[in-house]
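The values are calculated or read from the model by the stated rules, or taken from the named source; none is laboratory data. Only a predicted model underlies this, so the values are computations on that prediction, with no experimental measurement involved. Cβ: placed from backbone, ideal geometry, glycine included. Neighbour counts: every protein chain shown. Note: areas computed on protein heavy atoms with side chains; ligands, DNA, RNA excluded. Shrake-Rupley method; radii C 1.70, N 1.55, O 1.52, S 1.80 Å.
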Amino acid sequence: MSCAPGLEPILHAELRALRVGNLEQQVGGARFTGSLADARRANLELRTGVRVFWRLARFGARDADELYAGVRAIDWSRHLRAGATLRVDAQSKESALEHTLFVEQRAKDAVVDALREVHGTRPDVSKDDPDAPIHVHLYQDRCTISLDTSGESLHLRGWRKFQGRAPLAENLAAALVLASGWDKRAPLVDPFCGSGTLLVEAALLARDHAPGLFREKFAFQRWPNHDAAAWQRERDAAHARVKPASKVQLRGFDADDAIVRGARENVASAGVGELVTIEKGRAENFAPRPGWNAWLVTNPPYGERVGDARELRDLYARFGRLVRERCAGYHVAIFSGNPELARNLALEPKSRVALKNGGLDCELLRFEP
């Protein structure tokens, strides 16, 4: 089970809530033991994961022949029907087989040869939408072969209609809401809401809406051992669990008319319009309600892709002043990828959570002004 760097503890907590077996937090994700039904459930329920891998085999692979033999020994007919398509992706670290393109080609040859022997036909390769995405991981000459049960990354929920400028990935937005400590009952405000991703993910969390319910397909649905009836029952149970719109208030602001319209389109697509209100307004001018004791969770621009850091110093200073003077009793969580700009808030963080946004080092800074 993989996730973005920094999200491992949050993913681990999500998996613990699913009560999977032998759960272990790892760098870049977590590992657990279970059945294909557990993998289906993880794909359906997890908010912060990227992909769910199903390990098929581990073996030594000091050279190309050992790699080929280990892959060929797997009973691929259990996982790929005749005529199915495949794709092989490889990673290698501290191993003799360091050329990943060669590793992918050699592993692909082994799978193709094994299936041709069983089915009498050669499977095709599909780079964009394979029936069986196969993952090869080499570390210190030990090879792990896994199937990607997810297919597309789990951050691609399916509700997003409008991208906007530099939108947060859905799984990162969900992680920020979870890491903020929001109790799912108090009001939540995003003064820099952009395309509305944080607010939509917060609304889905409040309603206990499984993020995978938006998805029409996962890779495991095309495998010979897929139990379509069981999968439908799991989806039906998740649908039945969704809570009706509550009194929780989620509010977002953006200064751009086009962005406000796009954010509202996303809110409507996700079916959370009764919980989320998007208004036009500048972040440093929004009017916090006295005694509201809300959560303020936001991702202001920090000079990467949107805006320029020098132009943003005054914005951060004004926003920090507003938080200090008018947000007493609020819980504040600000996601920043620019330490210099963050210092312009003139707020002392109660805690810091190191995260990544793409390849950029970021922090979730939590304050209690």
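One table, with the values for the structure above:
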{"item": "Built amide H within the under 5 Å cut-off of L56, gap 5+", "result": "I145, S146, L147"}
{"item": "Radius 14 Å from Cβ of A202, net charge of other residues (Lys, Arg +1; Asp, Glu -1)", "result": "+1"}
{"item": "For segment 195-203, 3J(HN,Hα) per residue [Karplus equation, 6.51 cos²θ - 1.76 cosθ + 1.60, θ = phi - 60°, Hz, x = Gly/Pro]", "result": "7, x, 4, 4, 5, 4, 5, 5, 5"}
{"item": "Dipole magnitude (debye, nearest 20) for segment 144-250, charges at Cβ of Lys, Arg, Asp, Glu", "result": "320"}
{"item": "Relative contact order (%) - criterion: Cα under 8 Å, at least six apart; region: the chain", "result": "15"}
{"item": "For R366, net neighbour charge (Lys/Arg +1, Asp/Glu -1) across residues whose Cβ lies under 12 Å away", "result": "-1"}
{"item": "Point-charge dipole on Cβ atoms (K/R +1, D/E -1) for the chain, about Cα centre, debye to 20", "result": "1040"}
{"item": "Theoretical ellipticity at 222 nm over the chain - DSSP helices of four or more residues, -39500 (n - 2.57) apiece, nearest 500", "result": "-10000 deg cm²/dmol"}
{"item": "Modelled FRET efficiency - R0 30 Å, Q140 with V118, Cβ distances, 0.05 increments", "result": "0.40"}
{"item": "Contact order normalised by residue count of segment 159-229, Cα under 8 Å, 6+ apart, percent", "result": "33"}
{"item": "Reachable lysines from K161, criterion Cα separation under 26 angstrom, eight or more residues apart if same chain", "result": "K127, K184, K217, K243, K247, K280, K356"}
{"item": "Per residue value of the accessible surface for the chain (all protein chains in place, 1.4 Å probe), Å²", "result": "46"}
{"item": "Alpha-carbon centroids, segment 134-198 and segment 313-369: separation in whole Å", "result": "21"}
{"item": "Net charge contributed by nearby residues that have their C-beta within less than 11 Å of A255 (K/R +1, D/E -1)", "result": "-3"}
